[in-house]
Amino acid sequence: MPVIDVEKWDLERLVGKRLSREEILDLLSRVKCEIEVFEGDTISYEAPHDRPDLFSVEGLARAIRSLLGIGGINFNFVDRGVKAYNMGVPRRPYVAFAIVEDLVLDDEAVKQLMNLQEKLHITYGRGRRKASIGLYDLDALRLPVYYELRDPLETWFTPLGETREMNLREILEETEKGREYGHLLSGWNKLPVLRDEAGTILSMPPIINSEDTRVTPSTKNVIIDSTGFDPKTVVDIVTVVATSVAERSRSRTIVFVDTIMSSGEVVRAPRSSNPSIKLEYGSVEKLLGIKLGREQVIDVLRKMGYKITSLSQDHVVAEPPPYRLDVLRDVDLIEDIAMAIGYDVIGKAANTLPPAYHPGRKHPLEHLSRRLKLLFIGMGFNEVVNYMMSNPYMQNKIFGSNDPLVIVSNPKMEKYTCLRRWLTPGLLEVILVNKEKRKVIKIFEVGDVAIVDPRSETGVRIERRIGYAISYQKATLTDSLAVLKTISSIIGLDIVFEKAEIKGLLRERTAIIKTVDGRTIGFTGEIHPEVLIKLGIENPVVVGEIIVNDIKI
């Protein structure tokens with residue numbers, strides 16, 4: 001989750017009132033933000049990953065005003081017929097724009113807006129791969145704006161922070177941002193740019209903006225863009241940025257921009273509304289344990305920025321604010337109601353929550369997982385953490401396997417198109433990256449895998465596993481067996497080994513792990529040399545996986 005640095009005085013001027021240290025601590029916790037540092041006038045807080053509207057002081061101030069009930073959360077959306085043109089960039093096909101007018105900026109405001117841009121780049125933009133963002137001084141250009149491909153040797157502009165014009169190729173090779181993000185345009189013959197009607201280059205997305213359109217404290221109006229692979233994502237990002245920038249506007253005016261694609265499709269941004277959600281009053285009491293009257297529910301929702309679109313005796317239909325990307329179901333509305341009332345208040349008032357008969361404790365699965373982690377660390381292993389998402393090549397093809405996988409229906413990246421069915425591929429990828437750094441590699445991971453199982457209610461069985469890998473010049477199955485015997489001895493689990501065949505592992509150097517009562521709880525074996533050659537790993541690798549759910553001690 002991103003950590004955001006803000007100045008207390010800037011937060012207070014956006015909220016519209018002075019705030020004590022105790023009030024700030026309470027209010028931030030009520031919007032799921034955790035304070036990392038609060039020293040002097042500087043506040044560093046960790047924002048929840050699903051609330052990009054809180055990735056800057058502007059959005060945080062708006063959320064605090066909602067909790068305090070002091071208003072100022074609506075915007076003046078206007079349609080002036082502004083258009084932009086997407087001339088066709090097949091490998092990064094979508095772009096969206098918005099305009100925010102009547103700004104009052106200073107150095108701190110500009111810094112916060114640039115920080116918001118970078119936080120979104122890192123998180124929602126996936127390091128600019130999925131989407132990128134730009135802010136430009138609207139008065140330094142002439143509408144409309146065009147998104148197009150240009151010859152890298154014949155297109156020139158002064159990159160942000162530089163003092164001379166460069167062509168696009170020079171920008172990629174000679175600027176810091178070009179070297180950092182140039183790989184995103186690797187293999188492109190022509191490169192993407194944004195230009196205005198007069199031919200002024202605004203930026204080369206997703207790399208760098210132009211010095212000519214830099215946002216400064218004297219900027220009064222801005223145009224915002226986002227380019228990427230998915231129309232919803234770019235509109236989401238433009239909406240979050242535009243509504244945050246508008247917190248610095250006297251009139252809170254946001255202008256729609258219709259982007260005309262080469263196909264004739266129109267992408268309008270920002271979004272001024274969200275789909276409405278139906279909330280049963282009874283659901284609030286069921287989840288929170290307190291009974292709230294109809295008027296109280298409606299009042300709290302309005303206080304949190306929701307627009308009430310329909311009412312009845314047993315339910316309300318509410319429309320979330322446009323900048324809220326996290327509100328999808330009625331339970332999200334109930335969570336906002338709980339935050340507005342205060343969890344401390346609910347805890348005192350709840351009368352339908354089940355009584356507790358013992359203090360809270362860790363789930364047995366988590367307890368055993370932690371115990372196994374500590375044992376592996378004690379044996380000199382380093383813990384790694386990989387994504388649960390993977391791809392069929394690493395999960396199956398490289399091992400010569402064809403086991404069923406849980407496939408993602410609408411993947412955003414080629415690398416993540418399915419859920420992993422085992423931990424071994426991820427461990428091998430870590431070894432590949434670190435093979436030149438250490439002569440002996442001993443790593444482990446505790447994580448969940450998804451096994452296709454027709455007997456399961458959902459068709460998928462989730463297993464908690466601990467996987468490990470050992471790699472050095474003379475690594476053999478004996479290394480793994482020693483680890484397993486040590487682990488089983490310490491936790492008091494009797495195990496036996498039985499020869500087995502697993503695709504991608506050496507036939508005579510592979511075994512399944514069984515308990516004495518015949519339950520299979522894992523496997524171990526040496527990775528086949530053909531697999532190691534495909535990956536470019538020189539040293540032998542021995543691996544093992546244990547199904548933690550099936551361990552009974």
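Sort out for me the strands (runs of 3 or more DSSP E) sitting completely within the range 250-329 that have 1 or more residues that are farther than 30 Å from residue 221 by Cα and either outside the structural domain of residue 105 (by TED's automatic domain parsing) or under 26 Å from the mean Cα position of the chain (by Cα) (or both).
So the answer is 277-280, 307-311, 315-319.
For residues that are surrounded by fewer than 21 Cβ atoms within 10 Å (Cβ to Cβ) and within 35 Å of the chain's Cα centre (by Cα), scanning just the range 506-531, find the one that is farthest from residue 429 (Cα to Cα).
Only one residue fits best here, namely 521.
If you scan the range 473-494, which residues turn out to be surrounded by fewer than 18 Cβ atoms within 10 Å (Cβ to Cβ), touching a Ser or Thr at 6+ places or on another chain (Cβ under 9 Å) and of a type in the set (Ser, Thr, Tyr)?
If the condition is that a residue be surrounded by fewer than 18 Cβ atoms within 10 Å (Cβ to Cβ), touching a Ser or Thr at 6+ places or on another chain (Cβ under 9 Å) and of a type in the set (Ser, Thr, Tyr), then no residue fits.
Filter the range 89-127 for residues that are basic (Lys, Arg) and within 15 Å of residue 52 (Cβ to Cβ) and give the result.
Selection gives 119, 126.
Looking at the range 526-553, which of its residues are part of a strand (DSSP E or B) and either under 21 Å from residue 434 (Cβ atoms) or in contact with an Asp or Glu (Cβ under 7 Å, 6 or more places away or on another chain) (or both)?
Across the range 526-553, the qualifying residues are 526, 527, 541, 542, 543, 544, 545, 547.
Residues are listed down the side, and each one gets a yes or a no for (1) free of Cβ contacts under 8 Å to residues at least 60 places away in the same chain; (2) touching a Ser or Thr at 6+ places or on another chain (Cβ under 6 Å); (3) more than 24 Å from residue 251 (Cα to Cα); (4) of a type in the set (Lys, Arg):
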residue: 13; (1), (2), (3), (4): yes, no, no, yes
residue: 21; (1), (2), (3), (4): yes, no, yes, yes
residue: 31; (1), (2), (3), (4): no, no, yes, no
residue: 66; (1), (2), (3), (4): no, no, no, no
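Name the pairs: first residue in the range 131-142 and farther than 9 Å from residue 212 by Cβ, second residue aliphatic (A, V, I, L, M) and assigned to a helix (DSSP H, G or I), Cβ to Cβ under 7 Å, at least 6 apart or on different chains?
Cβ pairs passing all conditions: 131/234; 131/237; 133/120; 133/237; 133/241; 135/113.
Going by the conditions given, is residue 203 hydroxyl-bearing (Ser, Thr, Tyr), part of a strand (DSSP E or B), within 27 Å of residue 65 (Cβ to Cβ) and assigned by TED's automatic domain parsing to the domain that holds residue 161?
no
Got a sec? Which of 110, 78, 100, 57 is touching an Asp or Glu at 6+ places or on another chain (Cβ under 8 Å) and β-branched (Val, Ile, Thr)?
Checking each option against the conditions leaves just 57.
Under 8 Å by Cβ, and 6 or more places apart or on different chains, what pairs join a residue from the range 189-215 that is under 14 Å from residue 178 (Cβ atoms) with one that is surrounded by 21 or more Cβ atoms within 10 Å (Cβ to Cβ) and acidic (Asp, Glu)?
Hits for this filter: 203/225; 205/225.
Could you list all residues from the range 253-268 that are closer than 18 Å to residue 195 by Cβ, of a type in the set (S, T, N, Q) and modelled with pLDDT of 95 or more?
Once the filter is applied, which keeps residues that are closer than 18 Å to residue 195 by Cβ, of a type in the set (S, T, N, Q) and modelled with pLDDT of 95 or more, the range 253-268 yields only 259.
Determine which member of the set 79, 53 is part of a strand (DSSP E or B) and within 30 Å of residue 146 (Cα to Cα).
Checking each option against the conditions leaves just 79.
Let's see how each residue does on (1) within 17 Å of residue 239 (Cβ to Cβ); (2) among the hydroxyl-bearing types (Ser, Thr, Tyr); (3) surrounded by fewer than 18 Cβ atoms within 10 Å (Cβ to Cβ):
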position: 24; (1), (2), (3): no, no, no
position: 39; (1), (2), (3): no, no, yes
position: 43; (1), (2), (3): no, no, no
position: 48; (1), (2), (3): no, no, yes
position: 55; (1), (2), (3): yes, no, no
position: 62; (1), (2), (3): yes, no, no
position: 66; (1), (2), (3): no, yes, no
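Any residue in the range 426-446 that's farther than 17 Å from residue 465 by Cβ: show its pairings with residues that are basic (Lys, Arg) and not in a strand (DSSP E or B) at Cβ separation under 9 Å, as long as the two are six or more apart or on different chains.
As it stands, the answer is 441/435, since those pairs meet every condition given.
Looking at 470, 495, 490, can you tell me which residue is modelled with pLDDT of 95 or more and among the aliphatic types (A, V, I, L, M)?
Sole residue among the options that is modelled with pLDDT of 95 or more and among the aliphatic types (A, V, I, L, M): 470.
Say whether the condition of being in contact with a helix residue (DSSP H, G or I) (Cβ under 9 Å, 6 or more places away or on another chain), touching a residue at least 60 places away in the same chain (Cβ under 8 Å) and among the small types (Gly, Ala, Ser) is met by at least one residue in the range 227-245.
Yes - at least one qualifying residue is present in the range 227-245.
Could you tell me whether any residue of the range 422-440 is over 18 Å from residue 525 (Cβ atoms) and among the hydroxyl-bearing types (Ser, Thr, Tyr)?
Looking through the range 422-440, none of the residues is over 18 Å from residue 525 (Cβ atoms) and among the hydroxyl-bearing types (Ser, Thr, Tyr).
The values are calculated or read from the model by the stated rules, or taken from the named source; none is laboratory data. Quick caveat, the model's predicted, so the values are computed rather than measured. Reconstructed Cβ throughout: ideal geometry from the backbone, glycine too, with neighbour counts over all protein chains shown.
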